[in-house]
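Every read-out reported here was derived from the displayed coordinates using simple, explicitly stated rules and does not represent laboratory data. Small disclaimer: the values here were computed from a predicted structure and weren't measured. Because the Cβ atoms are built from the backbone with ideal geometry, glycine has one as well, and the counts that use them run over all protein chains shown.
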Amino acid sequence: MSPLTYRPEIDGLRAFAVVAVILFHMNYQWIPGGFAGVDVFFVISGYLITTRLKNDLETQTFSFRDFWARRIRRILPALILVTATTLFFAQLFGFRADRPVIAKQARAALFSYANFYFWRDAGDYWHPQAEESPFLHTWSLSVEEQFYFAFPVFFAVVYRLRPQWLNGLTLAVLVSSMLLFLYGSRSYRVATFYFLPTRAWELATGCYVSLVLQNDPVKRIQPLLSSALGVSGLSMVIWSFICLPTLNAGIVFSVLGTALVIAFSQNRVCRLLLSHKTFVHIGQLSYSLYLWHWPVLVYAKQFGVGVRTLILLAPIYLLSLVSYYFVETPMRRREGNIPAISAAYILTLGLCAFVRSSLPYYDASAFEKQHSYARYYDSRPRILRNDRVETMFSTMEVPKRDSALDAYRNGGIIIGNQDNTNPRIVVLGDSHGAMWADTIRSVAEEIELKVSIITMNAVPPFIKLPLSRTQRSIYVTSEEKYLYDKSRIELIQSWKPDVTILCARWEYVIEANANDLMDLLEQHSSRTLLMEQPPELAVVGNRNALQYLIFRGFKPEDGRKQYLPIGNTERVNAGRSLIRKLASTRRGVDIIPIYDIYVENSEAFVLDGRNVIYFDDDHLTTYGATIGRQRIKAEIMKALASIKN
C-alpha cells in the first residue's frame, strides 16, 4: 500500500473528534472531555504531515516551497472566509466595544499567534472571559501552523544527514515534550494548554506512528490482534471525551488511543465503523465545521439563543458545506492560486484594521457616570491589563490605586486609625471582595472600627495547607501566591479579628478548597461572615454593562427600575448552597444575604433611574454595591453584638 493512499477511517476518526468538540462547546455535561477532540486532530496532523514528508523525501520531490504552499492552500482559504465573515458580522450587528478586541483576535489568528494572544489576554480556556471570543478556537490552528513551520526543517535536515536517527529523535521529542506537559499541567496549566512545546508530544505521536508503521514487526501483527488494538484505541478516545473533566494526564488516553486507531484501524471492526459514509462525510467537513462552529455558538449566546439548542447545528453544517465545497476543496486543489489567497489575506487584514478603528462606544450621556473601586482595592502586585478589561474600564470613573505594590503581603489596605491597634474587621476576597470593599469601608467608618481590605482580583481568597511555593494562580507567580497566603495566615493569627468577611465568586468554589481557610478563621476570628454573590446577568459576560444596556436599547427613566434576565443559575445556586452549608456546619459563621435584593421575578435589577447597578455580568458598580449597605451593616452589627454576649 502506498504511504499516500487515502484512508477513509481517518476521516471517520476526524468526525468523532469534531463532533466531540462541538458538543463540548455546546455545554453538554455528558461530554466534559470533548475538548480532547483537538488532541485527536493534533495526532492525525502529525501522522499525515510526516507521511507526506517521508514520501516526498524518498521520491526526491520535496521542497520547502511546495510544502508550505500546500499548507497555505489547505489552511488559509477557509480561515480567511470565516475570519472575514465574522468581522463583517461583528461590525454590522455586534456590540461596539467588542470590535477592537475581535479585530486583534482575528489578526492573531491570521498571523498564527492566537495561542500566545489568548494565553496573555483571555487566560484559562475554561474561564467565561475566554468563551466570549469568536476566535478562541484558532489557538489550536496557531499551534499546528507553528509546528508546520518548524517540523519540516527538523525532519528534512535529519533525513538528509542522519536518516537512521529519525525514529530516535522523534521519540526523544515526544517523551521530553510529554514530560514538560505533565509538569506544566500541574504548575503552569494555562501556558501548558496553549503552547507548542507542551503540545508537541501529541503531534510527535502522530509523527512516530507514521515512521514505525512501515516496519515489518508492525505489518506482521495478526489481523485479530490488530482489530483488537484498533477497537481499544477508539474506546480510549471515546472514554476521554466522556470522562476527562479538564486538561490533565488523562489526555494521554486520547492521544494513545488515536495512535492505535491510526496504526491498527485498517482491519475489520474499526475500519468498518469509521469508514461509514456518514462519518467520512463529517470527517471531510471537519476543518470547516471546526472553523464555523465556534463563531456561531458565540454569537448565538450573545443574542440570547441557548448554546444547547440543537437547531444551531443546522447553520453550522450549512456554512461548513458552503465553505468546504466552494472554498476549501477547490482552493486546495489549484496549485497556482497562492497570489489570489495572498490578496484575500491582505484584504482581510485591512478589514481587521477597519473594524479595530471603528467607533467602540455608545453615547452614555443620558446615564449617571459609572464608578468602580475594583482596582483601588486590588492588592495584586501588578494591575491586570488586557484588551477587554481596558475597554470595560475606559467608560468608568476608576479611583487611582494608591496602595503599595507589595500590599498583598503587608496587611492589605488599612482603613481607619493608623495607630498600632489591630484591625477589628478584615475583608478577604477576590474581585468580589474589591467590589464590596468600599461599602464595607463606609460601614466600618460609620461605626468607627478599623478595617483591613485584603483582596486580589482574579485570585481566589482560599489557601491550601501546607503552603507550597508551587501553588500558583493565573495572574500571580507561585512565589507571589505563597507570600500572599503566608501573609494572610500570619495576620489573621496575629490580629484575631472580631469579624472576617469572606467574599468570593462562590459559583466557582469547591468545598474542599475552602476548608483550610475556614479552619483558620474558625480558630482565629471571632465571627466569619460569608458574603453572598449577586445574581449573574445572562448574555452580558465580560462587557461593560452600561454599554451593553445601550446596545440592547435600554433608556433611563427617573424613578423606574429596569431588569435583565439572570443567567448561570445552576452554578450560582450551587454557590449559595455551599455558603449555607458552611454557615450551618461551622462555628461562628453567618451569611450576609444580599442575593434577593437584586432579584425580582427571576430577573436582575440592572438600572435604577439613571444609575446602572452592574459593572459587568457578575460585578456591581459602586452604586450597585451601596444598595446592599444596610444589609451588610446589620449583619456586622449582629456579629459584633454576639461577640460581646
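For region 1-72, a simple Cβ point-charge model (Lys and Arg +1, Asp and Glu -1, everything else neutral) yields a dipole of about 160 debye relative to the Cα centre. Along the charge dipole of region 203-347, pointing to its positive end and built from +1/-1 on Cβ of Lys, Arg, Asp and Glu, which listed residue (P223, C207, L256) has its Cα farthest out? In region 203-347, that residue is P223. Against the main long axis of the alpha-carbon atoms of the chain, helix 629-644 sits at an angle near 70°.
Cβ-to-Cβ counts within 10 Å put D616, D608, D519 in ascending order as D519, D608, D616, the fewest first.
Each of C243, C270 was scored by other Cβ atoms within 10 Å of its Cβ. Arranged with the fewest first, they read C243, C270.
Since only S642, P534, T5 are under comparison, the one whose Cα sits farthest along the positive direction of the charge dipole of the chain, derived from C-beta charges on Lys, Arg, Asp and Glu, is T5. Note on K638 and L225: with the Förster distance fixed at 51 Å, the Cβ-Cβ geometry gives a FRET efficiency of about 0.10.
A cut-off of 5 Å between modelled amide H atoms, ignoring neighbours fewer than 5 places along the same chain, links V612 with E368. Multiplying the residue separation of R610 and L272 by 0.36 nm and subtracting their alpha-carbon distance yields 115.2 nm. Each Lys and Arg adds +1 at its Cβ and each Asp and Glu adds -1 at its Cβ; summed about the Cα centre, the chain shows a dipole of about 1460 debye. Relative to the dominant Cα principal axis of the chain, helix 8-25 is inclined by about 10°.
Taking 10 °C and 1.306 mPa s as conditions, the chain diffuses translationally at an estimated 59 µm²/s according to Stokes-Einstein applied to its Kirkwood radius (Cα pairs). In this structure, K496 and V305 have a Cβ-Cβ separation that, at R0 = 60 Å, corresponds to a calculated FRET efficiency of about 0.70.
Antiparallel as a % of all DSSP beta bridges within the chain, to the nearest 5? Here the antiparallel bridges make up roughly 40 percent for the chain. Modelled spin labels at Q630 and W239, positioned 7 Å past Cα toward Cβ, are 6.0 nm from each other.
With both labels modelled 7 Å from their Cα along Cα-to-Cβ, the E511 to R70 distance reads 5.7 nm. Can you work out the Karplus-derived ³J(HN,Hα) for every residue in region 515-526? Use 6.51 cos²θ - 1.76 cosθ + 1.60 with θ = phi - 60°, whole Hz, and x for glycine or proline. Along region 515-526, the couplings run 5, 5, 5, 5, 4, 4, 5, 4, 7, 10, 10, 4 Hz.
Each of Q60 and E335 was given a label point 7 Å from its Cα along the Cα-to-Cβ line. The distance between the two points is 1.8 nm. Extension gain, Y28 to F154, is 41.3 nm, computed as 0.36 nm per intervening residue step minus the present C-alpha separation. Measuring r between the beta carbons of I447 and Y361 and using R0 = 30 Å, the FRET efficiency lands at 0.15. Take 40-52, 593-605 and order them by the average number of nearby Cβ atoms within 10 Å per residue, most first; the result is 40-52, 593-605. Residues E507, E445 in ascending order of nearby Cβ atoms (within 10 Å, fewest first): E445, E507. If the segment from L405 to V599 were pulled out straight at 0.36 nm per residue, it would be longer than the present Cα-Cα gap by 66.1 nm. About its Cα centre, the dipole of region 8-357 is roughly 360 debye, where the only charges are +1 on Lys and Arg Cβ and -1 on Asp and Glu Cβ. Hey, if you put +1 on the Cβ of every Lys and Arg and -1 on every Asp and Glu Cβ in region 8-357, which of L57, L318, T170 ends up farthest toward the positive end of that dipole? Of the options given, the answer is L57.
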